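Quick notes on the structure that follows.
Just so it is clear, none of the values below were taken in a lab; they were calculated from the coordinates. Keep in mind the model is a prediction, meaning the values are calculated, not measured. Note that each Cβ is placed from the backbone with ideal geometry, even for glycine, and that neighbours are counted across all protein chains shown.
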Amino acid sequence: MSFKELDQSTDVTTQLSVVNEIIPLTGTFFSGSPNSYVKNYINITSGSAVSGGFFETVYDGSPTSISSSALVDVAFGFSSASLNAGFSETFLSDEKQRIYREMAQLLLGDTGALFSFNSTTANEVFFVLLKRRIFKDEIKKGNVSIIVQLSGGVGDTLLLSDTGATSTFTIGPAGDEASLFSGSIEVGKVYYNAGIVALTSGTFSKGAGGEEIYWSGSLAAGSMHHVVISGNLDNIVDGFRNRINQFNFQNQTNLHSTIYFCRALNADFNYSTNPTFVDAEGRIIPTSGSDNQTRTYVTTVGLYDINDNLLAVAKTSEPIKKSPDNEIIFRVKLSY
């Protein structure tokens with residue numbers, strides 16, 4: 001066995017490659033009622049199921065089935081600066097504000113920060129939190145599209161997308177982020193590394209006067225404004241879910257690799273420490289040929305740390321001849 005130290009400047013390099021997968025989430029999942037595709041929770045503050053939990057989880061099947069997997073969490077929150085916080089009849093105001101502050105801490109880096117879309121403060125925001133198992137390392141930029149149903153009309157929809165995000169994204173407390181547009185109007189943001197989409201409640205209005213749309217769903221009734229004030233979080237989220245016709249994106253898996261160029265020059269690795277390599281008098285035995293030239297056959301390359309601890313082993317597909325008249329470069333790639 002022989003050793004040779006790698007030159008970090010010339011013998012080691014890194015590489016990043018990505019794998020993407022198209023993920024289409026149809027309205028079938030989002031429009032499901034609790035126990036079909038959707039799971040809701042008991043309110044942890046009041047301990048009451050009537051009060052509604054802080055979020056709902058959308059599954060690809062019945063939440064009670066062991067073969068089902070969670071896809072997304074959906075939540076809503078408003079800030080203390082929201083007009084809704086000032087109404088005495090607002091139901092579960094504290095819980096709605098807690099959601100807003102939690103998302104502000106996660107995505108903006110400060111519980112007191114306010115979301116802003118289209119240069120306007122967004123005091124009421126819906127959040128779609130993708131599960132790690134479906135968005136992997138991050139959401140691919142420039143491939144998010146959401147179709148929102150504004151009313152019962154067949155063509156009365158909005159297309160939301162992160163057009164241009166590959167070149168316009170910025171880096172915030174939660175990592176890469178870019179705007180989500182309805183036409184040319186920013187209505188939210190996509191937080192790619194966190195796997196979260198935030199939408200202003202203003203997305204769900206129509207017409208020049210900003211007429212509010214009416215929610216659908218088994219638990220929500222009336223205008224969005226009415227439900228935000230008088231409904232619990234389940235009521236609000238149910239209405240939101242039932243307005244999503246399609247949610248398309250591509251996930252991204254980042255494959256990091258380190259490549260080691262293990263160079264065997266003409267004078268390197270031509271001998272073996274195996275005792276059978278020498279005769280009874282300690283003379284080196286040529287392995288073949290009549291020129292008295294030693295030869296080895298490489299089958300394994302080992303990578304060691306500075307303390308000579310073996311870290312990784314690479315095997316060649318077949319023995320490779322090494323002698324003083326040739327040189328070999330072994331390219332060893334470690335991916336993680």
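Computed quantities for the displayed model
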read-out: Ser36, Ser17 arranged by Cβ crowding within 10 Å, fewest neighbours leading; value: Ser17, Ser36
read-out: Principal-axis tilt of helix 93-108 within the chain, Cα atoms, nearest 10 degrees; value: 30
read-out: Selected from Tyr100, Tyr41, Tyr271 as most flexible by GNM, with the chain as the system and alpha-carbon contacts under 10 Å; value: Tyr271
read-out: Cα-based radius of gyration of the chain once divided by 2.2 N^0.38 Å, which approximates compact folds; value: 1.51
read-out: Charge dipole (debye, nearest 20) of the chain; +1 at Cβ of Lys and Arg, -1 at Cβ of Asp and Glu; value: 460
read-out: Most positive-pole-ward Cα, Leu158, Ile99, Thr168, against dipole of the stretch 78-201 from beta carbon charges; value: Thr168
read-out: Relative contact order (percent, whole number), the stretch 265-335, Cα cutoff 8 Å, 6+ residue spacing; value: 32
read-out: Footprinting exposure proxy for Lys333, Lys39 (fewest neighbouring C-beta atoms within 10 Å first); value: Lys333, Lys39
read-out: In the chain, lysine pairs with alpha-carbon atoms under 28 angstrom apart (chain gap of 8 or more, or interchain); value: 26
read-out: Among 21-28, 141-148, the order from most to least packed when residues are scored by Cβ within 10 Å on average; value: 141-148, 21-28
read-out: Residues Glu177, Glu327 arranged by fewest to most Cβ contacts within 10 Å; value: Glu327, Glu177
read-out: Cα pair distances in the stretch 265-335, grouped into 5 Å bins until the bin that holds the longest one, percent each; value: 3, 13, 20, 22, 19, 12, 7, 3, 1, 0
